[in-house]
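Since the structure comes first, as structure tokens, the remarks are kept for the end.
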Amino acid sequence: MGDNDAQISKQNAAAIATRPLWGRGRARCLVVDDESSAIEVVRATLASWDVEVVGASSGREALEMIAQETPDCVILDIMMPAMDGFDVCKKIKERWSDEHIPVVMLTALTGRRERVRAWDVGADDFLQKPIQPMELVARLRSSLVSRELNQKLAEKVQALEVVEKSRVQELRHLTEFLTFADRSLWYFDPNRRDDEAHCQMLLQQLIQRGPKDVTRPAVVLMATKMEQGGYQGFLYTRDGAEIRRYLGPLTITKKRASVLFPPDGEVVYANQNTMGQDDVLSYRFDRFIRRAVGPMQNYVSCALDTVGVVAFNYGSEVGGFAAHLLRSFVLHSSVLRRLANQAHETEEAFVVAIETLARASEANDEDTANHLTRVNEYSRVLALALGCSEEFVRQIHYSAQMHDVGKIHVPREILRKPGRLTDDEWASMIEHPVYGARILGEAPALAMAREIALCHHEKYDGSGYPRGLKEMQIPLSARIVSVADVYDALRSSRPYKEEFTHEKSIDIILNGDGRVEPSHFDPDVLAVFQVRQDEFKRIYAEFRDAPSRLQAAPLEKQANG
């Protein structure tokens, strides 16, 4: 290699060694952590970037350093003595609010409560411990770009003192919308299909907040496309701090929708001086909309995928800004709705797969055809009565049916034996909870089903199997299913017993009969079972004679067929 080539290579290496993270030269990053090793990890990771990493071992030291020289970004550990990361972040945001210093919270915590608290004190992003180099660089770059944009925005706002007030409000509205979009994605739960709550959340951001708010509309039509091609929706306006919905729903025919909404993904808008006379308004909007909106000054309309939105009566003349912002709003709503639908479809397929596996476990135990369905329903009733979370109730409603999946490994002749089991047969039978747990594996989505399968034969007094757990050692889901399973077993006819009445089954569970005793069950679960026993009776009657889904013909007939 020649001297010129060597010199060029050195120049390239130097350029690579100081790659910029943003467009404002060398960045200064303050890392605050009481563990020096964490600071060194950040320094080593950013060694090849044009970043000056300075460290502080406490919140007080960090605040003193910021007062002396403002950093471009702060990476802040949450768990520190004396002054934790939440307090430090809050002080940074209060004292240097005009500096737009982004704060990335460094944490080993994964709970939503900690993240919500961090949002409340002004945190801009999160970085999980242990630190991953690629994630560190990506989040730091994002934070620096955010600061650069905020600085540019602040500079623009200062330069726009002579610009009309509505333009400044547009910038504020845009900033608020971007913040809203970011946070709504964070809090969005696709498993909660509460369309009205989702709609209210979106409209809180879109609709006018007062007479001086000229960049937002006063009334909004939000509609969903129907299968036949038309739309159905409601008109909304603000009533103080609340969003009020007009009586409805409003049905929009396919023909009317083609006039009301532009082609998919496009936006149309008009102001009073471009609409013409009232006959034009009558043609585009029906009487119900005109009565609700009142004198019409302007509107913006957009439709995308299955969502259609028309915003009426902005406080000032509408133009390209209002049109683009409404399209972003509709796009955001459409994406969230599509994610929710996809999550729902995925969960439906998941539940069907679980049901299939559960039904397969019944192949050797055909006398319990609808046992699984009933146990699901009983368990849901008990979980609701105990005040369990919505997510817990949702999971136990499909996981309870997996309690006996391990019986697929138990010989058929043992399951169907009408008489008393031998010691060897009983030893084989009591292994089915362990088999069930192995079948379900370690997948997070099956965690509750696994603990139910493994622990539903454990007893509150410690006399159960396979591990002899007692009291709170037994997961709540298994303590619930234990009651549901025993009640249904008592009610059902089995090879080794006759069917018992509801009243007799209740008496056995609450008072005992020598084999089943009240001490076997969680007292809290038993108490709500006693209160809700009529629902158990109804469920048993409802599903008693219903055909089981995917129920196979008896094995003898299959063999001969």
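Structure data summary
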quantity	calculated
Selected residue [under 27 Å from residue 23 (Cα atoms) and not polar (S, T, N, Q)] from 129, 93	93
Residue 53 vs. criteria surrounded by 16 or more Cβ atoms within 10 Å (Cβ to Cβ), at pLDDT 90 or above and within 20 Å of residue 149 (Cα to Cα)	no
Matching residues in the range 429-441 - criterion: being more than 29 Å from the chain's Cα centre (by Cα), surrounded by fewer than 17 Cβ atoms within 10 Å (Cβ to Cβ) and assigned to a helix (DSSP H, G or I)	434
Exclusive hit being at pLDDT below 85, of a type outside the set (A, V, I, L, M) and either outside the structural domain of residue 542 (by TED's automatic domain parsing) or buried (at least 16 other Cβ atoms within 10 Å of the Cβ) (or both), set 377, 362	362
Test: residue in the range 173-186 that is hydroxyl-bearing (Ser, Thr, Tyr), at pLDDT 65 or above and surrounded by fewer than 17 Cβ atoms within 10 Å (Cβ to Cβ)	yes
Leading residue by the ranking (farthest from residue 135 (Cα to Cα)) among those in the range 5-50 that are hydroxyl-bearing (Ser, Thr, Tyr) and modelled with pLDDT of 75 or more	36
Checking residue 473 against (1) in contact (Cβ under 8 Å) with a residue 40 or more places away in the chain; (2) out of contact with any Cys (no Cβ under 7 Å at 6 or more places or on another chain), the condition it does not meet	(1)
Residue, nearest to residue 333 (Cα to Cα), within the range 203-227, restricted to residues that are at pLDDT below 80 and out of contact with any strand residue (DSSP E or B) (no Cβ under 8 Å at 6 or more places or on another chain)	205
Qualifying positions in the range 111-128 - at pLDDT below 85 and assigned to a loop (DSSP other than H, G, I, E, B)	111
Within the range 54-104, tally of residues that are within 17 Å of residue 142 (Cα to Cα) and aliphatic (A, V, I, L, M)	6
Subset of the range 231-242 that is at pLDDT 85 or above and over 10 Å from residue 306 (Cα atoms) - its residue that is surrounded by the fewest Cβ atoms within 10 Å (Cβ to Cβ)	232
Criterion violated by residue 478 - all others in (1) crowded, with 22+ Cβ neighbours inside 10 Å; (2) part of a loop (DSSP other than H, G, I, E, B) satisfied	(2)
Number of positions in the range 389-414 that are over 18 Å from residue 352 (Cα atoms) and buried (at least 20 other Cβ atoms within 10 Å of the Cβ)	3
Residue in the range 498-536 that is farthest from residue 462 (Cα to Cα), counting only those that are in contact with a Pro (Cβ under 9 Å, 6 or more places away or on another chain) and free of Cβ contacts under 8 Å to residues at least 12 places away in the same chain	511
Selected residue (only one of 328, 282 is within 19 Å of residue 223 (Cα to Cα), at pLDDT below 85 and not aromatic (Phe, Trp, Tyr))	328
Qualifying strands (runs of 3 or more DSSP E) (wholly inside the range 221-276; at least 1 residues being hydroxyl-bearing (Ser, Thr, Tyr))	231-239, 250-252, 267-271
Test: residue in the range 129-137 that is modelled with pLDDT of 80 or more, more than 24 Å from residue 50 (Cβ to Cβ) and out of contact with any Cys (no Cβ under 7 Å at 6 or more places or on another chain)	yes
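The values are calculated or read from the model by the stated rules, or taken from the named source; none is laboratory data. Note that the structure is predicted; figures quoted are calculated from it, not measured. Heads up, the Cβs are rebuilt from the backbone with ideal geometry, glycines too, and the neighbour counts pull from every protein chain shown.
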